Amino acid sequence: MRLSMKIIKKIRFIKSSPDPDSCPEPVYPEYAFIGRSNVGKSSLLNMLTGNKNIAKTSGTPGKTKLINHFLINNEWYLVDLPGYGYMKTPRKSREKIMALIAGYILTRKNLYCLFILIDCRHEPQTIDLEFIKWIGINKVPFVLCFTKTDKISAYALEKKLEIYKKILLKSWQTLPEIFITSSFKKTGREEILNFVVSTNSNVDI
Ligand code: GTP
Ligand code: MG
């Protein structure tokens, strides 16, 4: 059995919160998934936990609307957040979602790392680049996860990554940690879970 198979022993859905103040007590290290609507946040959470339906997924963007906490092994939280940037959502609702996300990110004391998800098929999107910039300004620890990599060839993925890294290096001295993922093929599971385990051992909250 590979290491990551044993990492997740217990998953418990704790609650869905409509605002940062309603989130569970910040007593465990926390890892949250963020990115554009439909990028695959909830699917990645399901893939990592090995529980297909614990977080609700949908082909229609805008499925996740609240802050969803899942407690893993009674030791750390995985958090599924609503997506940003779905243009068909009315502007007022988009602003509300953005305020919810920003409020959560800026106030959550135990947020040890934010996983920013990027759909590997697209050219770099302004909304994602601006979000990454904002995260940098606010000094929030983050990694990038390129999602849905089962949808393109290894060669095409390599090209997309090159373009992304080039853009990031224009404003960052070093690149963040990057994970290549496919929730359908379970790509990246081992790497992400090992990252969480090693990060947890450095946490002091
Ligand atoms: P919101 O909650 O609406 O922001 O979306 P989300 O980011 O949580 O995305 P979700 O996990 O609901 O997935 C959106 C769609 O993408 C669904 O139809 C998934 O089946 C599909 N999807 C997610 N991950 C993958 C993947 O790794 N590969 C492929 N091919 N499709 C995926
Ligand atoms: Mg979702």
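The values are calculated or read from the model by the stated rules, or taken from the named source; none is laboratory data. Nothing here was measured: the structure is a model prediction, and the numbers come from that model. FYI the Cβ positions are ideal-geometry reconstructions off the backbone, even for glycines, and counts take in every protein chain you see. We work out accessible area using only protein heavy atoms, side chains counted, and drop any ligands, DNA or RNA first. Shrake-Rupley method; radii C 1.70, N 1.55, O 1.52, S 1.80 Å.
Results, tabulated for the structure shown:
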| item | result |
| --- | --- |
| Single residue of the stretch 46-56 satisfying the filter (open to solvent by less than 70 Å² (accessible area, probe 1.4 Å) and assigned to a loop (DSSP other than H, G, I, E, B)) that is nearest to ligand 2 (Cβ to nearest atom) | ALA55 |
| Index of the failed condition, LYS65 passing every other in (1) more than 10 Å from ligand 2 (Cβ to nearest atom); (2) open to solvent by 20 Å² or more (accessible area, probe 1.4 Å); (3) free of Cβ contacts under 8 Å to residues at least 60 places away in the same chain | (1) |
| Answer residue from the stretch 16-39, given it is away from ligand 2 (no atom under 16 Å from the Cβ) and not in a loop (DSSP other than H, G, I, E, B) and is surrounded by the fewest Cβ atoms within 10 Å (Cβ to Cβ) among those | ASP21 |
| ILE118 being in a helix (DSSP H, G or I), closer than 21 Å to PHE179 by Cβ and either modelled with pLDDT of 95 or more or not basic (Lys, Arg) (or both) | no |
| Any hit, the stretch 8-31, residues being within 13 Å of ligand 1 (Cβ to nearest atom) and without any contact (Cβ under 8 Å) to a residue 40 or more places away in the chain | no |
| Yes/no for TYR86 being within 12 Å of ligand 1 (Cβ to nearest atom), over 30 Å from ILE7 (Cα atoms), of a type in the set (Phe, Trp, Tyr) and surrounded by 12 or more Cβ atoms within 10 Å (Cβ to Cβ) | yes |
| Residues that are within 15 Å of LEU117 (Cβ to Cβ) and assigned to a helix (DSSP H, G or I), drawn from the stretch 139-156 | THR149, ASP150, LYS151 |
| Condition check for LEU78: within 13 Å of the chain's Cα centre (by Cα) and within 21 Å of THR199 (Cβ to Cβ) | yes |
| Output for the stretch 78-110, where each listed residue is in contact (Cβ under 8 Å) with a residue 60 or more places away in the chain and in a helix (DSSP H, G or I) | LEU100, ILE101, GLY103, TYR104, ILE105, THR107 |
